[in-house]
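K.L.:
Take a look at the following structure, please.
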Amino acid sequence: MALDLTKETGVALDAQEDFTWRDMVREPISKLNDDAFTRLRIILMNGVEMEANRFQHAFARMNAPMRADLARVRRIETHQQVLVNWLLPADQSPLETTIAYEQVAIEVTASLALLEPDPYIAQVLRFGLLEDFDHLYRYSALMDRMEGKDANAILQSYTDVLPGRPTVVEHRYPTDDLREPYDRTTASPITKLVSLTIMAGEQQTQNYYQNIGPLFADPAARLLYAEIAHIEEQHVTQYESMIDPHETWMEKWLLHECTEVWNYLACMEQESNARIKAIWERMVAYELGHLNHVMDLFRRVENRDPFEIIPTSLPEGIKYMSHRDYVRQVLKNEVHLRSVGTQFVPVGEVPPDSPSIAYNRQINSAGSPSQTVAAGYVYTPGTELAKKAA
Amino acid sequence: MKEPTDIGLNRTGIGTSPLDSKELIEAAEATVPSSEGDASGIASLRISYAEESGIVGTMPPPSTVKGAVKSVLEGLGAKNPAVFLDKLAERLQFERTGTRMYESVLAKFDALGSFDGGPSREALLEFHGEELRHFHVLRSALESMGADPTALTPSADIAAVEASGLLQVQNDPRTTLPQALHALLVAELADSEGWDMLIELATNLGHEAMADDFRDAMRAEEKHLAHVRQWVANHAMQDAEGKLEQAA
Ligand SMILES: [Fe+2]
Ligand SMILES: [Fe+2]
Ligand SMILES: [Fe+2]
Ligand SMILES: [Fe+2]
Ligand SMILES: [Fe+2]
């Protein structure tokens, strides 16, 4: 569905202050019965709302005249985030939710890479994809070996459980995680939406791992979360550096609201659970309200037409589907890539004095949790105990 | 209302999507892991951390006001009086949580009703009252020995961690009364064992009056266990025989 942003006004801001606690805290989805992609949409949109909130806080801290408008919109983003994130059920453990976070990072990143017209940005996405692909394998091994549980009960066979670019080699010197930003004046609108979406998703993944790591008792789990949270920090560094730092605060706000509309619309169009679909529909209307409010502000503050920044009609959205063949192809062709500064080179071409080599040696010098947890691990339906003789 | 044992759309098994799962399995079988070994690496991590780690915590210092109690205990031949105090505090925490568990199960009962051979509201209320009374028995016991009954001792802390999954089951609005009762059964099993040991400790230490109080509690706990076990079994049998009828 092509939404005409010049005409769609959504729900006015005033009318969005209709939340109650009961409205925000509803029946969650079923871990057992709902489709895995319903869970993925909830997880991604929680991340998108979290980014809306954090961005608007940063904006307010540095721009006194905008504080009131930001406070009003931000409160609604917060309510939206509760409504969305509280759809996750209590029988879904933090580790099971982690498996789902990595499934988001695989299937959503694959879809974004396919949508992305800029070949360099698409390359960056594929680079990150292969790392999150490996994380899924490590966490699946942990869940199998620590709890005796099968990760596929969460993944529903949509996603492979295989090693990717091994987590142990993903630890790089900070400047090797920086990428070249797109150019705000020439980049296509979808590049901006893709970049903000992936940054939001990875940032929430980092937040989540940093918060839940200490909930685990097992040192293997505490170590693995420490290690993978570290890679997610690298991913946030990577993806935020893709975004043109010369965009004005108001440009960024417009793009954030536009990203929210674009994402909720894709959720709404593909949702299989009617009760959840109604929520996505309402959120689309609310975000259109935010977007229109910010477009008005933009006209006043910057004296410019907001459609210089955002598209008049929304581009194609994220596809919530299995990208198995695509991911395998990327794995085959690009698993050997490493980054040297902002560029990607085959592992054999990394200069011996690369700071990432020394960095990696240091951080793994007392052992590699991801290698230990998944030592010799091969995914087996029903867990690896299924092929172990009693 | 739908029952958890109705046939529905559970998608968790490998058989849900034969084409997708065939791909998943074949690719996994061709896996070359990035490191050799097996699950024993996790055991090695556990061992090395356990060797280096301290403990979750210790007992509070004895109350200075009632320091006399310490000598009373020593007089009774307890080489380490703190062990008894720790076990009393463990039961106290468990009984307090147990009281709240019955409140949770009562809410489930009020929302969903019972079943043939299931609990009556009166029975649940009665057991709730007994758990509460046991909490007070333990509070008095600890106070009589000069211990602080509000201290979270190591065994009390661990018992609360153990019970946390049970609460998670009982407080989820989506779980049924039989599911909540199953969690209660686990609690009552541990409860009976706990009182059993406490009576033995009290007797060995010469706390005869206390041991008598505890035997009263134990009788109530044996009744709880017998009933909860029967409710859970009755439900499963009737469900299996297709005879389940909701009787509020
Ligand atoms: Fe929002
Ligand atoms: Fe990841
Ligand atoms: Fe990531
Ligand atoms: Fe918004
Ligand atoms: Fe009991």
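K.L.:
Scanning for something more than 13 Å from ligand 3 (Cβ to nearest atom), more than 14 Å from chain B (Cβ to nearest Cβ) and surrounded by 24 or more Cβ atoms within 10 Å (Cβ to Cβ), does the stretch A:199-208 turn up at least one residue?
P.N.:
No, the stretch A:199-208 has no match at all.
K.L.:
For the stretch A:287-306, what are the residues that are open to solvent by 10 Å² or more (accessible area, probe 1.4 Å) and either hydroxyl-bearing (S, T, Y) or under 13 Å from A:K252 (Cα atoms) (or both)?
P.N.:
A:E302
K.L.:
Okay, next question. Pick from A:W249, A:W262: which is open to solvent by less than 10 Å² (accessible area, probe 1.4 Å), away from ligand 3 (no atom under 15 Å from the Cβ) and more than 14 Å from chain B (Cβ to nearest Cβ)?
P.N.:
A:W262
K.L.:
Within the stretch B:147-201, restricting attention to residues that are assigned to a loop (DSSP other than H, G, I, E, B) and hydrophobic (A, V, I, L, M, F, W, C), which residue is farthest from B:E95 (Cα to Cα)? I'd like the intermediate steps shown before the answer.
P.N.:
Keep residues of the stretch B:147-201 that are assigned to a loop (DSSP other than H, G, I, E, B), which gives B:147-153, B:172-176.
Keeping just the survivors that are hydrophobic (A, V, I, L, M, F, W, C) gives B:147, B:151-152.
Details: B:A147: 18, B:A151: 15, B:L152: 14 Å.
Ranking the qualifying residues of the stretch B:147-201, first place goes to B:A147.
K.L.:
Going residue by residue through the stretch B:169-178, is there one that turns out to be of a type in the set (D, E, K, R), open to solvent by 70 Å² or more (accessible area, probe 1.4 Å) and out of contact with any Leu (no Cβ under 6 Å at 6 or more places or on another chain)?
P.N.:
So far as the stretch B:169-178 goes, yes, one or more of its residues are of a type in the set (D, E, K, R), open to solvent by 70 Å² or more (accessible area, probe 1.4 Å) and out of contact with any Leu (no Cβ under 6 Å at 6 or more places or on another chain).
K.L.:
Does A:V84 satisfy the criteria of being among the β-branched types (V, I, T), crowded, with 22+ Cβ neighbours inside 10 Å and within 16 Å of ligand 1 (Cβ to nearest atom)?
P.N.:
Here the answer is yes, as A:V84 does meet what is asked.
K.L.:
If you go through the stretch A:145-153 one residue at a time, do you hit one that is within 12 Å of chain B (Cβ to nearest Cβ) and open to solvent by less than 10 Å² (accessible area, probe 1.4 Å)?
P.N.:
Yes, that holds for at least one residue.
K.L.:
It is to be established whether one or more residues within the stretch B:211-220 are in a helix (DSSP H, G or I) and either on the phi > 0 side of the Ramachandran plot or among the hydroxyl-bearing types (S, T, Y) (or both). Outline the logic, then answer.
P.N.:
Within the stretch B:211-220, the subset in a helix (DSSP H, G or I) is B:211-220.
Still in the running and either on the phi > 0 side of the Ramachandran plot or among the hydroxyl-bearing types (S, T, Y) (or both): none.
There is no residue in the stretch B:211-220 that is in a helix (DSSP H, G or I) and either on the phi > 0 side of the Ramachandran plot or among the hydroxyl-bearing types (S, T, Y) (or both).
K.L.:
Filter the stretch A:345-390 down to the residues that are under 17 Å from A:A151 (Cβ atoms) and either away from every other protein chain (no Cβ under 11 Å) or acidic (D, E) (or both) and list them by number.
P.N.:
A:E384
K.L.:
State yes or no: is A:T342 more than 14 Å from every other protein chain (Cβ to nearest Cβ) and under 28 Å from the mean Cα position of the chain (by Cα)?
P.N.:
Working: more than 14 Å from every other protein chain (Cβ to nearest Cβ): yes; under 28 Å from the mean Cα position of the chain (by Cα): yes.
Yes: the conditions hold for A:T342.
K.L.:
A further question on this structure: Filter the stretch B:125-168 down to the residues that are without any contact (Cβ under 8 Å) to a residue 40 or more places away in the chain and in contact with a Leu (Cβ under 8 Å, 6 or more places away or on another chain), then identify the one that is least open to solvent (accessible area, probe 1.4 Å).
P.N.:
Out of the qualifying residues, it is B:H128.
K.L.:
Residue by residue through the stretch A:144-162, note down the ones that are more than 22 Å from the chain's Cα centre (by Cα) and assigned to a helix (DSSP H, G or I).
P.N.:
A:D144, A:R145, A:M146, A:E147
K.L.:
If you don't mind, another one. Within the stretch A:233-252, count every residue that is under 11 Å from A:L196 (Cβ atoms) and within 16 Å of ligand 4 (Cβ to nearest atom).
P.N.:
Residues in the stretch A:233-252 being under 11 Å from A:L196 (Cβ atoms) and within 16 Å of ligand 4 (Cβ to nearest atom): 1 in total.
K.L.:
If you don't mind, another one. Report yes if some residue within the stretch A:171-182 is surrounded by fewer than 18 Cβ atoms within 10 Å (Cβ to Cβ), assigned to a helix (DSSP H, G or I), more than 11 Å from chain B (Cβ to nearest Cβ) and hydrophobic (A, V, I, L, M, F, W, C); otherwise report no.
P.N.:
The answer is no; no qualifying residue exists.
K.L.:
All but one of (1) more than 16 Å from ligand 2 (Cβ to nearest atom); (2) surrounded by 24 or more Cβ atoms within 10 Å (Cβ to Cβ) hold for A:F216; which doesn't?
P.N.:
Answer for A:F216: the failing condition is (2).
K.L.:
Any idea which of B:L205, B:L184 is open to solvent by less than 40 Å² (accessible area, probe 1.4 Å) and either within 16 Å of ligand 3 (Cβ to nearest atom) or at pLDDT 95 or above (or both)?
P.N.:
B:L184
K.L.:
I would also like to ask the following. Just to be sure I understand, how many residues within the stretch A:215-229 are away from chain B (no Cβ under 14 Å) and either under 22 Å from A:G317 (Cβ atoms) or over 15 Å from the mean Cα position of the chain (by Cα) (or both)?
P.N.:
The qualifying residues number 0.
The values are calculated or read from the model by the stated rules, or taken from the named source; none is laboratory data. Bear in mind the structure is a predicted one, so any value in this text is a computation, not a measurement. Virtual Cβ from ideal backbone geometry, glycine too; neighbours counted across all protein chains shown. In case anyone asks, the SASA skips ligands and DNA or RNA and just uses the protein heavy atoms, side chains included. Shrake-Rupley method; radii C 1.70, N 1.55, O 1.52, S 1.80 Å.
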